[in-house]
Amino acid sequence: MSRKSPVIIDLKFIPEEVTAALQTAFADRETINLADPEHAGRDLTGIDYAVLWKPTRDLFSRAPDLKVLFSGGAGVDHVLTLPGLPDVPLVRFIDRSLTTRMSEWVVMHCLLHLRQHATYEAQAARREWRDLSQPEAADITVGVMGLGVLGQDAVTKLRVMGFNVIGWSRSGKTVAGIETFGGGEMDDFLARTDMLVGLLPLTAETRGLYNLALFRKLKRNGPLGGPVFLNAGRGGSQVETDILTALQDGTLKAASLDVFETEPLAADSPFWTLPNVYVTPHVAASSDVKALFAHVERQIARHEAGEPLEALVDRKAGY
């Protein structure tokens, strides 16, 4: 029987979760967890597979024989931008748990802004008991940009909460139960939107898309007193100086940001302390590590059986 290739694990996840998940994963082959000091400087030649999330920048020079790459999440720009990227299949992670977590984050933050929770938190800190005028979800139009697996699930759950939901995608997808807009209809989509939810992948077309010019096209006369921006897609799709300007001059009423141009977010970033901004550390759709490894095991089995890989990334499209 031929020797089965080991699997390189290079994941910037919670280390204890990765270690625990590896106890029961890949039972038929060796795993090389690069977070483990015992593998520092190890020879990685002759290895076929790597599971990656924000991997070390010299990985591909250390592991020149990789046959398939597996992203630890739905996003893949963290792999596509690495030096020495080999011309091999790249598989992204699509899973019920990841999709559900993203929708939870989107729904939670839409509700936080709807119910003016930041203002109530500030009042509570001052021991101030004062009611605020409350719109309901049906009064708010949430515009979701990006109608892939994550976007469509978020749309479904936002509608369950009673929000009016519309969607935009470059290709103009049809999604049951909501009005959708295609690439050339973005201005019409934005003019209808009270809360803008960004779930787009990072591509050449989406880099820097969320800028001041775009924010100024959002609906101005909604019941929240101004539009709200939520981004749980990719940090490179937003221009953070423009977000700050928009928040300060009233173009945006508030924001929820899970992703940033540079991560981790710098300790001196003004986003940490702005009263109308919620910051989370790129955790909106944190991968379930056990589910990720089960997904990778299935794909390796397909690959070694000569079957096509699932969730294969189109390098040209960027997702």
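What the table below lists for this structure:
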item: Gained length - Ala125 relative to Val279, 0.36 nm times residue gap less alpha-carbon distance; result: 53.5 nm
item: Filtered chymotrypsin sites (Phe, Trp or Tyr not before Pro), segment 1-110: DSSP coil and at most 14 other beta carbons within 10 Å; result: none
item: Ellipticity estimate at 222 nm from DSSP helix runs (n ≥ 4, -39,500 (n - 2.57)) divided over the chain, nearest 500; result: -8000 deg cm²/dmol
item: Other-chain or far-sequence residues with amide H under 5 Å of Ile9's (modelled H); result: Ile32, Asn33, Leu34, Val51
item: Residue order, fewest to most beta carbons within 10 Å, for Leu312, Leu212, Leu98; result: Leu312, Leu212, Leu98
item: Cut-off of 10 Å, at most 12 other beta carbons, DSSP loop: longest stretch of the chain lacking such GluC sites (Glu not before Pro); result: 137-309
item: Filtered trypsin sites (Lys or Arg not before Pro), segment 251-318: DSSP coil and at most 12 other beta carbons within 10 Å; result: Lys316
item: Gain on full stretching of the segment that runs from Leu309 to Thr241 - 0.36 nm per residue minus C-alpha separation; result: 20.5 nm
item: Theoretical gain in end-to-end length, Ser269 to Arg62 [0.36 nm per residue, Cα-Cα removed]; result: 71.0 nm
item: For the chain: lysine pairs under 16 Å (alpha-carbon distance), excluding those fewer than 8 apart on one chain; result: 5
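Rule-based calculations on the coordinates, nothing more; no lab input. As the structure is a computational prediction, the values presented were derived from the model and not from experiment. All Cβ positions, glycine included, derive from the backbone under ideal geometry; neighbour counts span all protein chains shown.
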